[in-house]
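Since the structure comes first, as structure tokens, the remarks are kept for the end.
Derivation of every value follows stated rules applied to the coordinates shown; laboratory data play no part. This is a predicted model, so every value here is computed, not measured. Quick reminder, even Gly has a Cβ in these numbers, built from the backbone with ideal geometry, and neighbours come from all protein chains shown.
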Amino acid sequence: MRSLWAAALGLAAVLPLEAAAPEAAGTKSHAPYDGPPAPNVAIEVTLDLEAARGLLDLLSRPAFDAERARALETLPAIEAAIRESKRGPDVWEKDLASAWDEKARTTLFDFHRIREDRARWSALIAAIAARQTDLARVASERARALMPSDRAVSVRQAILFTFGLPGRADHVAVPAPDGSGWTVVADVGRELSDEPSAAAEEQIKHLSRMMAGEAFRRAWATYRTGSPAWQKHDASLATLEPLLRRVAEAGPVALYAVDENFFPLAVWLRQPMRDSIDELNRYADRIATAGGDLDARMEVAAEIQKPEFTANLAGPAGAFLADGLFEALGVDGYRTALSGGTRAFFEAYDRAAQKKTGGLVPLSKAIRQQLAAGATPK
């Protein structure tokens with residue numbers, strides 16, 4: 001998720017964030033991830049630039065150096081890229097060598113544009129290296145900012161920068177070499193493909209949000225595995241439970257895809273917010289009206305499980321809900337709602353939306369009726 005949400009599908013066809021961001025120079029950030037870090041949560045973020053530096057060094061040479069290329073293959077980031085390609089090192093070497101031949105066609109790994117613009121990439125990597133410690137610290141603090149604080153969580157997230165990942169992903173999560181969890185391998189060129197002319201400072205801010213978002217993703221998953229409120233299936237939500245759970249789980253993660261100048265989202269992204277929540281409401285209505293039609297229910301259930309559903313709807317809609325909670329209830333109220341599980345998350349948003357003072361888009365009748373039907377008497 002690297003660009004501005006637009007229309008009903010959120011992250012599909014969009015404008016670059018930095019190209020359209022409102023003027024916010026000298027103002028305090030309203031982004032939830034710039035709030036106070038949650039106590040009782042420890043998130044260590046580490047940044048490894050070795051693969052990116054090594055590739056740029058090789059691509060700056062007048063001719064391809066096969067021996068140097070084979071040495072780079074032992075680096076964890078490049079090992080992961082080759083493994084993700086489902087092809088052997090020979091294909092990676094061939095595509096890397098083709099960067100020196102304008103007529104050569106690549107198979108999976110595109111290094112042509114990196115070599116052509118190697119001076120700019122080298123300057124950016126040098127700027128990142130100069131601020132490496134600070135970037136890791138800020139990413140850690142931002143990741144902790146959106147975590148609930150009722151349970152102790154401790155995670156370590158390694159981020160490895162490289163160039164030339166196969167496929168279309170900006171970054172991928174792969175098993176850590178020591179078996180301790182997951183490592184994120186990020187393609188710097190692809191991460192910044194939406195903003196090639198942006199200043200280095202803006203590009204570094206983008207990468208910082210990505211680092212924080214991936215660290216939060218891991219900490220949030222770790223938290224949910226130990227939380228009774230998130231581990232149990234909430235039967236009170238009936239057939240809406242899978243839909244609402246997916247939105248509540250994905251929303252906080254998706255906040256990190258949005259530039260800090262766009263918060264509060266209800267102000268700067270009013271129409272995309274309405275479109276996303278309207279689409280969520282339509283999905284809930286489809287499920288509610290399916291009733292005993294098993295085929296219709298199975299069709300919607302299959303859609304909800306697809307990765308593109310999370311990217312295009314659950315993430316954007318959930319982010320608008322989460323930011324609405326943050327604005328209406330403050331950081332403590334947001335954390336309380338998040339710690340209570342799917343029902344608590346939606347109930348808190350519904351109460352905030354009903355006040356009609358914060359510009360929040362209301363939930364559909366189908367969702368509100370299900371929340372009321374299963375509410376615990378007070």
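Miscellaneous remarks
- Based on Cα contacts under 8 Å between residues 6+ apart, the chain shows a relative contact order of 23 percent.
- Stretched out straight at 0.36 nm per residue, the stretch from Lys103 to Asp90 would grow longer than its current Cα-Cα span by 2.8 nm.
- The chain: C-alpha gyration tensor shape, a/c 1.5 cut-off, then a/b vs b/c: prolate
- For Met298 and Arg274, the FRET efficiency from 1/(1 + (r/R0)^6), where r spans their Cβ atoms and R0 equals 25 Å, is about 0.30.
- Among the chymotrypsin sites (Phe, Trp or Tyr not before Pro) in the range 83-140, none is located in a DSSP loop while being surrounded by at most 11 other Cβ atoms within 10 Å of its own Cβ.
- Shape analysis of the range 171-296 places it in the oblate category; the axes a ≥ b ≥ c from the Cα gyration tensor give an a/c of at least 1.5, with a/b not above b/c.
- For Glu116 and Arg286, a Förster radius of 51 Å and the Cβ-Cβ distance give a FRET efficiency of 0.60, rounded to the nearest 0.05.
- Per-residue extension of 0.36 nm, minus the Cα-Cα distance of Ala344 and Ala123, leaves a gain of 74.9 nm for this segment.
- Size of charge dipole - the chain - debye, nearest 20, with Cβ of Lys, Arg +1 and Asp, Glu -1, no other charges: 920
- Cβ-derived FRET efficiency at R0 45 Å, Asp178 paired with Asp57, nearest 0.05: 0.95
- The range 292-366 and the range 232-288 have Cα centres separated by 4 Å.
- Helix-derived mean residue ellipticity, 222 nm - over the chain, DSSP H n ≥ 4, -39500 (n - 2.57), to 500: -16500 deg cm²/dmol
- Applying a DSSP loop filter and a limit of 10 other Cβ atoms within 10 Å to the GluC sites (Glu not before Pro) in the range 44-143 leaves Glu102.
- Label-point separation, Asp65 to Gln132 (7 Å along Cα→Cβ), nm: 1.9
- Near Gly54: Cβ cut-off under 15 Å, other residues only, Lys/Arg at +1 and Asp/Glu at -1. The net charge is -3.
- Cα gyration tensor shape for the range 252-378, rounded if a/c is under 1.5, else prolate or oblate: oblate
- Angle between the chain longest axis and helix 294-304 axis [Cα atoms, degrees, rounded to 10]: 50
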